Amino acid sequence: ASPARDRLRIAIQKSGRLAEPARSLLAACGLSWRQSRDKLFCYGESLPVDLLLVRDDDIPGLIADGVCDLGIVGRNELDEQAAERRRNGMPDAYQSLRGLGFGQCRLMLAVPEEWEWRGVEQLAGLRIATSYPAILADWLERQGVDAQVVELSGSVEIAPRLGTADLICDLVSSGATLAANQLKPVETLLESEAVLAGAVREPNDMRAGLLAMLLKRVDGVLHQRDSKLLMFRAAGEQQVDALRRLLPDADPIERLPDDGSGALRLQTMCHGAVTWQRLEELERAGAQGLTVLTVERSLA
Ligand code: ATP
Ligand code: MG
């Protein structure tokens, strides 16, 4: 067990895809830091919560060793290191506490474009290049297929052309990298996004209260992020029914006090995207004076 501490420490990626969204999420939670000169450790100013800026590969280990209490890392990286620990007979050390809604990607098998894909049985005896050997090995075992895992730390997508592997297992978001290398995705092993990870054993000192507060703020930010207050008027009940059907992702429509104008004054919290097109549909269904307000902050 790590020694008692009275400050919380969060590891995030120093630079890369998750660096900026992770920082802005924590900033939205009310955290601010004094930038240190070495830029590896940022001392928390508004709250006793410090940041450690590292490579994403190091984040699970920092949590496992108790150096950090929390980390923001891709589920792919967390699961890979968890699977590796399990394969080596080590106990679970970390858990995903919250999915954060950014850094979405999939861990997929991709084969040369000219292949005709008939299913996983086709993999028997083939070589698969990947940076996720433990997840891939687990998956192959579950599928009951005997294929060879070729571990590569980078540039996995050129392995088939170089002849070091027959196919690959790699992260895919838009698919552009695969297409550029004449590969096509055929199977999904994991749906990934950035997660807030913590130790399996929660701290039992000063940090426990900080952790609970931070989680509550994260929930508030995640919930508020795609919530919009929609205010409008309608002539009568019939319109309200029609509008309700166009708002399946919104809370029940609330009625505001009558202002003497003869129209109903209404509002609802909408939890999906409120596009121009949606507003135009609502207007055609009888909503007047539509106004969309963003939510600054909320405690659920
Ligand atoms: P580091 O220097 O910190 O080790 P990295 O090169 O390993 O950085 P990035 O490329 O910045 O990592 O990706 C970080 C995470 O972003 C990935 O682990 C994954 O969860 C997520 N991600 C989202 N889309 C993609 C994608 N198309 N390719 C790779 N990672 C992606
Ligand atoms: Mg990395």
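For region 63-175, the Kirkwood estimate of hydrodynamic radius, built from reciprocal distances between every pair of different alpha carbons, is 15.5 Å. The accessible surface of region 184-286, taken with every protein chain in place and a 1.4 Å probe, is 51 percent carbon and sulfur. Spin-label model, GLU114/SER24: points 7 Å from Cα along the beta carbon direction are separated by 4.4 nm. For ARG87 and PHE102, the difference between the fully extended length at 0.36 nm per residue and the C-alpha to C-alpha distance is 2.5 nm. Region 1-57 gives an Rg/Rh value of 0.97, both radii derived from C-alpha positions and Rh following Kirkwood. Expressed as a whole percent, the proportion of Cα-Cα pairs in the chain lying more than 23 Å apart is 66%. Take region 1-83 with all the other protein chains still there, run a 1.4 Å probe, and you get 46 Å² of accessible area per residue. Reported to the nearest whole Å, the Cα centre-to-centre distance from region 57-73 to region 229-249 is 47.
Note down the magnitude of the dipole of the chain about its Cα centre, charges +1 on Lys and Arg C-beta and -1 on Asp and Glu C-beta and zero elsewhere, to the nearest 20 debye. So the magnitude is around 860 debye.
Once both labels are positioned 7 Å from their Cα atoms along Cα-to-Cβ, the gap between LEU162 and ALA273 label points is 3.8 nm.
If you take all other residues with their beta carbon under 11 Å from the beta carbon of GLY289, and give Lys and Arg +1 and Asp and Glu -1, the sum is +1.
Taking a straight line from the alpha carbon of LYS14, these lysines sit under 22 Å away, with near neighbours fewer than eight places off in the same chain left out: LYS39.
Quick one: Cα centre-to-centre distance for region 101-152 and region 158-191, in angstrom? Between the Cα centre of region 101-152 and that of region 158-191, the gap is 9 Å. About its Cα centre, how strong a charge dipole does region 202-300 have in debye, to the nearest 20, once Lys and Arg get +1 and Asp and Glu get -1 at the Cβ? For this selection, approximately 140 debye.
The residue among ASN204, ALA83, VAL172 whose Cα reaches farthest toward the positive pole of the charge dipole of the chain, with charges on the beta-carbon of Lys, Arg, Asp and Glu, is ASN204. The Rg/Rh ratio of region 155-273, with Rg taken over Cα atoms and Rh as the Kirkwood radius over Cα pairs, comes to 1.24. Answer with one residue from VAL67, GLN95, LEU136: the one whose Cα lies farthest towards the positive end of the charge dipole of region 36-153, charges on Cβ with Lys, Arg +1 and Asp, Glu -1. The residue sitting most towards the positive pole is GLN95.
Tally Lys and Arg at +1 and Asp and Glu at -1 over the other residues with C-beta under 10 Å from the C-beta of LEU190: what net charge comes out?
-1
The values are calculated or read from the model by the stated rules, or taken from the named source; none is laboratory data. Model, not experiment: these values are computed from the prediction. Heads up, the Cβs are rebuilt from the backbone with ideal geometry, glycines too, and the neighbour counts pull from every protein chain shown. What goes into the accessible areas is simple: the full protein's heavy atoms, side chains included, and nothing from ligands, DNA or RNA. Shrake-Rupley method; radii C 1.70, N 1.55, O 1.52, S 1.80 Å.
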